[in-house]
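Chemist: Here it is, the structure in full.
The values are calculated or read from the model by the stated rules, or taken from the named source; none is laboratory data. Predicted model, so just to flag it, every value in this text is computed and none were measured. Please note: Cβ atoms are built from the backbone with ideal geometry, for glycine as well, and neighbour counts cover all protein chains shown. For the accessible areas, the whole protein counts, side chains as well, though only heavy atoms, and no ligand, DNA or RNA atoms are used. Shrake-Rupley method; radii C 1.70, N 1.55, O 1.52, S 1.80 Å.
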Amino acid sequence: MTRHIHRFRGSVLMRVTTAAVLAGVLAGSALPAQAVTQHGGRSADLRRLQDLVHEDGFPAALAAVRGRWGQTSDLTAGVGELRGRTEVPVDGMVRAGSNTKTFTAVVVLQLVGEGVVRLDAPIEDYLPGLVRGEGIDGSRITVRQLLQHTSGLPDYVSGLDDFFAIRDTHYEPTELLDLALSRKAHFAPGTRWEYSNTNYLLAGLLVEEITGRTVAEEITRRVIRKAALRHTYFPAPGERTIREAHPHGYHATAPGAPLRDLTVFDPSWAGAAGQLVSTPRDLNRFFTALMDGKLLRAEQLRQMRTTVAAPGTWPGARYGLGLFSTPLSCGGLVWGHGGDIPGYETRGGVTEGGRAVTVAVTALPSAVPEPEAAAAHVLDFVDRALCG
């Protein structure tokens with residue numbers, strides 16, 4: 001069966017994974033699909049969700065599609081757990097990966113709005129002596145450059161090689177920062193765009209230095225509660241499981257390797273860059289509240305939506321301060337982020353007209369037979385759901 005790919009097509013794997021992760025391949029045949037719909041029919045969306053299971057080989061896929069008047073359809077396909085062939089929970093919890101960056105950026109921008117952080121001040125002003133390395137000088141890297149991935153800092157995640165080996169390892173942010181700063185700067189601050197989780201590791205440390213509270217506490221107080229996200233949380237130190245109903249997440253680390261369950265692990269290595277757990281509906285609610293001006297003052301939201309080109313992601317993508325914009329095939333933009341973390345990928349966002357969609361699959365595209373095509377199909381689901 002041939003599927004049409006719209007403007008979203010392209011390699012979309014966020015660098016929350018290493019080169020070894022990107023090589024993973026799913027072994028085995030297509031999985032049986034189960035599906036649930038609620039609050040009205042979205043049969044075309046459901047068929048495309050099932051294609052992610054049948055054609056691309058993801059164990060499960062789940063989505064929430066919100067219309068312009070607020071009506072939401074919840075969709076599922078595949079199985080929630082491979083061994084028991086259990087159903088996929090409707091609006092189940094997933095590890096949200098780099099969607100966390102938008103939450104962290106919101107907190108930093110709230111502090112900017114309160115006058116205690118300046119976007120164009122060097123990070124050295126807030127974390128003196130911390131950001132130092134070969135070609136790295138915290139007095140030349142601004143808060144804005146951290147949030148916009150234009151700092152030139154190397155990505156600490158590239159130093160994490162085997163996620164199964166570190167699944168029970170707890171990391172402190174300073175340990176991860178040491179991994180990044182042991183490498184040479186990739187470019188002079190402000191001269192290029194390059195995605196690096198290290199930027200948001202530092203943004204989290206900035207929040208903690210300014211507020212005197214953990215980034216988890218500040219995200220919970222300032223964002224999760226304010227947006228009434230009832231099924232979203234920042235895991236506590238040492239918390240390895242997912243609290244509510246969820247599909248299992250699967251991962252493969254080498255070409256031809258079978259999928260292995262990686263639902264349970266210590267996510268501390270992801271930190272302020274990728275540690276949140278959420279659901280498709282809650283992510284829709286969050287991005288809708290953000291774009292409606294309920295989480296930031298008008299000036300800070302304007303700064304967040306001021307974008308630069310984001311090469312190496314997907315066609316037309318631009319990046320603001322913790323926020324992607326991407327052109328839709330039907331015109332206009334979708335604003336969101338997306339996240340990749342071993343076991344789960346999420347994509348989605350909201351339009352100016354109030355439509356929203358979040359789709360999650362229970363393996364990274366790197367773990368299925370045709371990674372780039374599978375990644376494009378996930379994005380194509382978002383485009384068609386918003387344009388349908």
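Chemist: Determine which member of the set A180, A216, A185 is buried (at least 18 other Cβ atoms within 10 Å of the Cβ) and either of a type in the set (D, E, K, R) or closer than 24 Å to T288 by Cα (or both).
Modeler: On the way: A180 fails: either of a type in the set (D, E, K, R) or closer than 24 Å to T288 by Cα (or both); A185 fails: either of a type in the set (D, E, K, R) or closer than 24 Å to T288 by Cα (or both).
Being buried (at least 18 other Cβ atoms within 10 Å of the Cβ) and either of a type in the set (D, E, K, R) or closer than 24 Å to T288 by Cα (or both) holds for just one of A180, A216, A185, which is A216.
Yes/no matrix, rows are residues, columns are (1) within 19 Å of F286 (Cα to Cα); (2) hydroxyl-bearing (S, T, Y):
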| site | (1), (2) |
| --- | --- |
| M304 | yes, no |
| Y319 | yes, yes |
| P327 | no, no |
| G336 | yes, no |
| G339 | yes, no |
| R347 | yes, no |
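Chemist: Would you please name the residue that is surrounded by the fewest Cβ atoms within 10 Å (Cβ to Cβ), looking only at residues in the stretch 256-269 that are over 15 Å from the mean Cα position of the chain (by Cα), hydrophobic (A, V, I, L, M, F, W, C) and over 16 Å from M93 (Cα atoms)?
Modeler: Among those residues, the one meeting the criterion is A257.
Chemist: Determine, yes or no, whether R347 is in contact with a Leu (Cβ under 7 Å, 6 or more places away or on another chain) and surrounded by 14 or more Cβ atoms within 10 Å (Cβ to Cβ).
Modeler: Working: in contact with a Leu (Cβ under 7 Å, 6 or more places away or on another chain): yes; surrounded by 14 or more Cβ atoms within 10 Å (Cβ to Cβ): yes.
The answer is yes for R347.
Chemist: Among (1) out of contact with any His (no Cβ under 7 Å at 6 or more places or on another chain); (2) surrounded by fewer than 24 Cβ atoms within 10 Å (Cβ to Cβ), where does M304 come up short?
Modeler: Among (1) out of contact with any His (no Cβ under 7 Å at 6 or more places or on another chain); (2) surrounded by fewer than 24 Cβ atoms within 10 Å (Cβ to Cβ), the lone unmet condition for M304 is (2).
Chemist: Moving on to the next point. Go through G115, G97 for me and flag whichever is modelled with pLDDT of 95 or more, in a loop (DSSP other than H, G, I, E, B) and surrounded by fewer than 20 Cβ atoms within 10 Å (Cβ to Cβ). Spell out how you get there, then give the answer.
Modeler: Working: G97 fails: surrounded by fewer than 20 Cβ atoms within 10 Å (Cβ to Cβ).
One residue alone meets the criteria, G115.
Chemist: So is S329 open to solvent by 10 Å² or more (accessible area, probe 1.4 Å) and either touching a helix residue (DSSP H, G or I) at 6+ places or on another chain (Cβ under 9 Å) or closer than 25 Å to T150 by Cα (or both) or not? Lay out the reasoning, then the answer.
Modeler: On the way: open to solvent by 10 Å² or more (accessible area, probe 1.4 Å): yes; either touching a helix residue (DSSP H, G or I) at 6+ places or on another chain (Cβ under 9 Å) or closer than 25 Å to T150 by Cα (or both): yes.
For S329, the condition - open to solvent by 10 Å² or more (accessible area, probe 1.4 Å) and either touching a helix residue (DSSP H, G or I) at 6+ places or on another chain (Cβ under 9 Å) or closer than 25 Å to T150 by Cα (or both) - is met.
Chemist: Same structure again: Can you give me the number of residues within the stretch 276-301 that are loosely packed, with under 15 Cβ neighbours inside 10 Å and of a type in the set (A, V, I, L, M, F, W, C)? Steps first, please.
Modeler: The first filter runs over the stretch 276-301 and keeps only residues loosely packed, with under 15 Cβ neighbours inside 10 Å, leaving 292-294, 297-299.
Keeping just the survivors that are of a type in the set (A, V, I, L, M, F, W, C) gives 298.
Within the stretch 276-301, residues that are loosely packed, with under 15 Cβ neighbours inside 10 Å and of a type in the set (A, V, I, L, M, F, W, C) number 1.
Chemist: Related question: Are any residues in the stretch 125-154 outside any helix (DSSP H, G or I) and open to solvent by less than 20 Å² (accessible area, probe 1.4 Å), and if so, which ones? Even if it seems obvious, please write down each step before you answer.
Modeler: First, the residues of the stretch 125-154 that are outside any helix (DSSP H, G or I): 126-137, 141-142, 149-154.
Passing the criteria: L127, V131, I136, I141, H149, T150, S151, G152, L153, P154.
Chemist: Please find, among A317, A374, A385, A272, the residue that is more than 30 Å from G238 (Cβ to Cβ), touching a Ser or Thr at 6+ places or on another chain (Cβ under 6 Å) and open to solvent by less than 20 Å² (accessible area, probe 1.4 Å).
Modeler: A317 is the lone residue from the list that is more than 30 Å from G238 (Cβ to Cβ), touching a Ser or Thr at 6+ places or on another chain (Cβ under 6 Å) and open to solvent by less than 20 Å² (accessible area, probe 1.4 Å).
Chemist: Another question about this same structure. Condition first: open to solvent by 40 Å² or more (accessible area, probe 1.4 Å) and farther than 20 Å from V264 by Cβ. Now tell me which residues in the stretch 66-86 satisfy that.
Modeler: Result: R66, R68, W69, Q71.
Chemist: Those residues that are under 17 Å from the mean Cα position of the chain (by Cα) and under 15 Å from N284 (Cβ atoms), I need them from the stretch 213-236; list them, please.
Modeler: Scanning the stretch 213-236 gives V223, I224, L229, H231, T232.
Chemist: Kindly establish whether D155 is of a type in the set (D, E) and within 26 Å of E299 (Cα to Cα). Break it down into steps so the answer makes sense when it comes.
Modeler: Details: of a type in the set (D, E): yes; within 26 Å of E299 (Cα to Cα): no.
No; evaluated as a whole, the condition is false for this residue.
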